[in-house]
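The values are calculated or read from the model by the stated rules, or taken from the named source; none is laboratory data. Since the structure is predicted, the reported quantities are computational estimates derived from the model, not experimental observations. For neighbour counting, all protein chains shown are included, and Cβ atoms are generated from backbone atoms with ideal geometry for every residue, glycine included.
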Amino acid sequence: MDMGTGKTLTALKLFDIRRKAGKVDKLIILCPISGKRNTIAEIEKHTYFVYGRDYEIFGIDSISQSDRIYLEALYGINSRTMLVLDESTYIKNPYAIRSKRALELSKKTDYKLIMTGTPITKFVNDLWAQITFLSPLIFGYKSYHSFANNHLIFHKEKGYIIRSANVDYLTQKLSPYIYEKKIEEVIDMPEQSYNLKYYFLSQKKREEYELLKDKILGEWLLEDASDQIIYRLFTELQKLVSYDPDRLNILVDIIRELNPEQQAIIWTKYHKERDYIIDYLKSQGESFSIFDGKHKQEDAFKQKRTRFLVANLQTGSRMQNFQNSHYQIFYSNSFDYDIRIQAERRTWRAGQKHKCIYYDIQSNTGIENLIFYSLRKKSNLLRDFQDLSRRFNKKYLEEYLRKELAINDTDRSEFESKAM
């Protein structure tokens, strides 16, 4: 079900039906920890359920990081529990601790539900843990290894996944257990508008960027841990660009374009850029809230007590309702399309009465060209490169990266034509 089509309400209704039929007596929900408060608010809005007696919520992140919380959830589930996994793509990696623990929890009851807007991000291996959570009988495989042997084609020498296989078989197996709903089928949705603000680095920043790129690539050639070095390369280059004072000037120009009577979300990735933005808003006497791993001030924004919400993409892009705003500014972008589309759907959802307007800031750097290319492809830049790194040697990849990550001096108009 698309974001905003009532996944939580659907789960609550199913639980209520089963409880009245005498099949279950308690609801346990696993969800991203950032969405716990919002889920509780939804339950209090639609039901008279009492926390602890009728239902409990555990962060899917928490059960992987805390043995105590995992055991609390494990001992709290029995055959009369309905277990719901919200944002089930959190367990798409069958080797992750949270996936293994979620699957152990699922074995304790037959009444289960998974909810997601994007069940597959690349290959059908994303589905194995999600569907096994419901029941291993659906696919009929006792292990991920057996599933992979039948539905994934691997490179014979290097072992990476080339493509999915026998997808029709999986579709037939899945179809009786899936309910799908697009938001356009539920409500007439407002239009969406995308605006790209493109700018050029100063000569000083250009030199810093090239020096950093050459330094990390030089280290990469001397080390074996290619994936870790590439992650560092992408991250450090993006940080350098995000911390550029000229980038903040572009944000200032965008804010001046906005209707001063309307609220706006400013999405960030890093603490330092968040602090730059907050300092500017303070200097202008603007009211703002912060929503990230440390600060949970989203309620003030929802209640229209502040004009801006400075939010972290990873923390704030899921399970939140921000229909009170229709402006979003992406100061930085994630490498991952799934995070981007989740962020957009915080405002473009049921209850939104205005045209949703998105602003992106992009510099003339190779790292941001790659990020925006990845978003247009609806993929994940880091994962795409990891696939590439398994296919080619370091010399080829070094040449490829030097070319793709270079400063681009092409005329601004070319990039504006490529805006999402």
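What to note about this one:
- Restricting attention to the stretch 349-382 and to residues that are in a loop (DSSP other than H, G, I, E, B) and either among the β-branched types (Val, Ile, Thr) or free of Cβ contacts under 8 Å to residues at least 60 places away in the same chain (or both), the residue that is farthest from MET189 (Cα to Cα) turns out to be THR365.
- The residue of the stretch 214-248 that is modelled with the highest pLDDT, among those that are part of a helix (DSSP H, G or I), among the charged types (D, E, K, R) and over 27 Å from the mean Cα position of the chain (by Cα), is ASP246.
- The stretch 249-277, residues that are assigned to a helix (DSSP H, G or I) and buried (at least 18 other Cβ atoms within 10 Å of the Cβ): ILE250, LEU251, ILE254, ILE255, GLU273, ARG274, TYR276, ILE277
- Scanning the stretch 3-53 for residues that are surrounded by fewer than 20 Cβ atoms within 10 Å (Cβ to Cβ), of a type in the set (Ser, Thr, Tyr) and more than 20 Å from GLY76 (Cα to Cα) yields THR5, THR10, THR47, TYR48.
- Count - residues of the stretch 305-321 that are closer than 24 Å to GLY6 by Cβ and either assigned to a loop (DSSP other than H, G, I, E, B) or of a type outside the set (S, T, N, Q) (or both): 8
- Qualifying residue in the stretch 147-169 (condition: of a type in the set (Lys, Arg) and under 25 Å from the mean Cα position of the chain (by Cα)): yes
- Total residues in the stretch 136-152 satisfying the condition of being surrounded by 13 or more Cβ atoms within 10 Å (Cβ to Cβ) and touching a residue at least 12 places away in the same chain (Cβ under 8 Å): the figure is 9.
- Single residue of ASP338, ASP292, ASP299, ASP360 found to be modelled with pLDDT of 95 or more and of a type outside the set (A, V, I, L, M, F, W, C): ASP360
- Where helices (runs of 4 or more DSSP H) sit wholly within the stretch 1-79, those with at least 1 residues that are of a type in the set (Asp, Glu), farther than 30 Å from HIS295 by Cβ and in the same structural domain as GLU104 (by TED's automatic domain parsing) occupy 7-20.
- Per the conditions (1) surrounded by fewer than 18 Cβ atoms within 10 Å (Cβ to Cβ); (2) modelled with pLDDT of 90 or more, the sole criterion not satisfied by ALA129 is (1).
- If the condition is being of a type in the set (Ser, Thr, Tyr) and modelled with pLDDT of 95 or more, then the stretch 76-94 contributes SER79, THR81.
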